[in-house]
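Visitor: Encoded as structure tokens, here's the structure I'll be asking about.
The values are calculated or read from the model by the stated rules, or taken from the named source; none is laboratory data. As the structure is a prediction and not an experimental result, all values here were calculated from the model. Glycine also receives a Cβ, built like all others from the backbone with ideal geometry; neighbour counts cover every protein chain displayed. Remember, those area values only see protein heavy atoms, side chains included, never the ligands or the DNA or RNA. Shrake-Rupley method; radii C 1.70, N 1.55, O 1.52, S 1.80 Å.
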Amino acid sequence: MNPDAPPAGLSAQRLLSPGQSALALGTVGVVAGAIALDLLTGFGPSPLQWAQGGMFALIVLYLAVIGFKLAMVLGSGRSTAMRFEPGALETFPDSELPRYTVLVPLYREAAVVPGLVQRLSALDYPQEKLEILLLVEADDGETRTALAAQGLGPAFRTVVVPDTQPKTKPKACNVGLARATGELCVIFDAEDRPDPDQLRKAALAFRVLPDRVVCVQAELQYWNPWTNWLTRCFSAEYATNFSLTLHGMDRHRLAIPLGGTSNHFRIDALRDLGGWDPFNVTEDADLGIRIARRGWDVRMIVSVTEEEANSRLGNWIRQRSRWIKGYLQTWLVHSRQPLKLWRELGTKKTLAIHLTLGFSTVTTLINPLMWTLTLSYFVFGPQWMEPLFPPVVLYGGMFAMIAGNALMCYALMLGCLKRGLYAAVRAMLTVPLYWGLMSVAAYKAFGQLLRPSKRHYWELTVHGLDTSDEIDVDEEVVRAR
């Protein structure tokens, strides 16, 4: 396997396919031509009518995205995610467990190496059936030195990733995949704290689930939700996504955009898919869609991996802009042949992909416009807006913004309650400010996507910012009162 070679036809190396470029240019040309015709002859839709039509389309888009997210959250209670009864793991004796490969991509992570090695060493899995590949970039001597100082056990092996472009996590994972000897594999990040028995749970899941299930995704949550307001909002977002939304998608058997860590694979299926796209900066979400397009399934399992929530704004913006850029990449890649996508997935799964990856990201970009119009209505009154927009557009937009924001706040509160983050519930009243930061990150991501030199640039997320251990939830509740 060539780690630099993207999967055929589904690579983010190119932003748009020739067909997508022609469609974009054609659409701009038609709209510009129609506006010019109206200005010159008075024939056809006026610029104002184009704006009204565009605003109406945005309102429909908002309502569709909000409705979909709420449907997934409210439907999560009937999820078929795999749960493990006490004693279930004992039915799978050590002698029958498959060989497991753990891939750990690292770049400039020397500060967290001691804790990482300690946590990986604590994994409850037979050492003779476990290999842990530490994937370190060739120019990262500091991390390699930190690893050498740990006295690594026999299951550990350091793999040097060639210093070639693109320098991304998925390229490193492909290098590891080419060297893996396990039947199953999992990705863990440098700051991860997986349940010690997570590998056993995943192995049991693969044993009892049908062969078409080639990936199981564990839940992610943050161990430091109480550091500051930013980590509270971030933790609530993760709680809603991994404990509610993805469980709802599991229930409806939709294509699940994988999290970047704690996704477990049948390694033969992963190789058959061509591994990860090294040019996609959310390679996990892309792989989840490619699995669905092959006719295979992803299932959720009830096991938790804890991560460190970003507690510094600049670091958070860098991480979030990369995620948004990758979602846009993934959406564009899988929209290149829309009819083929629809034939492979069907109507329900295809719509879910657009609502999850594409349209929800578009709403993040246009949120500032909608917030500005809503605020203007309340500050300056409706007099200047009513002549510009028909009532269905004006008041439909008002409803979409007010009710939509309220319902999304409610969904995040449900996520907090699901995870026991009771003291974070009141912080959700200020979560529109958090969404404003997401819009800042979205515009940064969009700008990078348009620049070839930044399109595949992997902005490094600094870990180890919060060195305190997890604060007990009950203690935080008492302090909040």
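Visitor: Just to be sure I understand, if you calculate percent of Cα pairs over 41 Å apart for this structure, which of [x] 54; [y] 20; [z] 36 do you get?
Guide: [y]
Visitor: Determine the relative contact order of the chain: mean sequence separation of Cα pairs under 8 Å and six or more apart, normalised by residue count, in whole percent.
Guide: 22 percent
Visitor: Grab the Cα-Cα distance for Asp268 and Asp211, subtract it from 0.36 nm times how many residues apart they are, and report the gain in nm with one decimal.
Guide: 19.4 nm
Visitor: Over segment 312-405, what portion of Cα pair distances is larger than 24 Å, expressed as a whole percent? Provide the component values of the computation, followed by the final result.
Guide: Numbers: 1980 of 4371 pairs.
Every Cα pair in segment 312-405 considered, those over 24 Å come to 45 percent.
Visitor: Next question, about the same structure. Using the heavy atoms of the protein chains and a 1.4 angstrom probe, tell me the accessible area per residue for the chain in square angstrom.
Guide: About 43 Å² of surface per residue is accessible.
Visitor: Pull up the cross-link candidates among the lysines for Lys348, meaning alpha carbon to alpha carbon under 26 Å and not fewer than 8 places away within one chain.
Guide: Straight-distance partners of Lys348: Lys69, Lys325, Lys340.
Visitor: Across every pair of different alpha-carbon atoms, what Kirkwood hydrodynamic radius in Å does segment 1-159 reach?
Guide: Radius from the Kirkwood sum: 22.8 Å.
Visitor: What translational diffusion coefficient, in µm²/s and rounded to a whole number, does the Stokes-Einstein relation yield for segment 235-356 at 37 °C and a viscosity of 0.692 mPa s, taking the hydrodynamic radius as the Kirkwood radius over Cα pairs?
Guide: Once the numbers are plugged in, D ends up at 213 µm²/s.
Visitor: Let's test the formula: R0 of 60 Å, r as the Cβ-Cβ distance of Gln127 and Ala406. What FRET efficiency results, to the nearest 0.05?
Guide: 0.70
Visitor: If packing is taken as the average count of other Cβ atoms within 10 Å, what order do 24-35, 224-235 fall into, highest mean first?
Guide: Details: 24-35: 11.7, 224-235: 22.0.
Result, highest mean Cβ count within 10 Å first: 224-235, 24-35.
Visitor: Rounded to two decimals, what is the ratio between the C-alpha radius of gyration of segment 188-279 and 2.2 N^0.38 Å?
Guide: Numbers: Rg = 14.8 Å, N = 92, 2.2 N^0.38 = 12.3 Å.
Cα-based Rg divided by the globular estimate yields 1.21.
Visitor: Something else now. In a solvent-free Debye calculation with one equal scatterer on each Cα, what is log10 I(q)/I(0) for segment 47-111 at q = 0.15, 0.21 Å⁻¹, listed in the order of the q values?
Guide: The computed values of log10 I(q)/I(0) come out as -0.84, -0.94.
Visitor: To the nearest 20 debye, what charge dipole does the chain have about its Cα centre, counting +1 at the Cβ of each Lys and Arg and -1 at the Cβ of each Asp and Glu?
Guide: The dipole of the chain has a size of about 1440 debye.
Visitor: If you roll a 1.4 angstrom probe over the protein chains with everything in place, what fraction of the accessible area of the chain belongs to carbon and sulfur, to the nearest %?
Guide: 62 percent
Visitor: A further question on this structure: With a 1.4 Å probe and every protein chain left in place, tell me how much accessible area Thr430 has, in Å² to the nearest 10.
Guide: 60 Å²
Visitor: Jot down the per residue volume, in cubic angstrom and as a whole number, of the convex hull over the alpha-carbon atoms of segment 309-358.
Guide: Here the figure is 70 Å³ per residue.
Visitor: Based on alpha-carbon positions alone, could you give the equivalent ellipsoid semi-axes of segment 366-435 from the gyration tensor, as √(5λ), descending, whole Å?
Guide: Semi-axis lengths for segment 366-435 are 31, 11, 8 Å.
Visitor: Something else now. By how many nm would the segment from Phe399 to Ala88 lengthen if fully extended, with 0.36 nm per residue of separation less the alpha-carbon distance?
Guide: 107.1 nm
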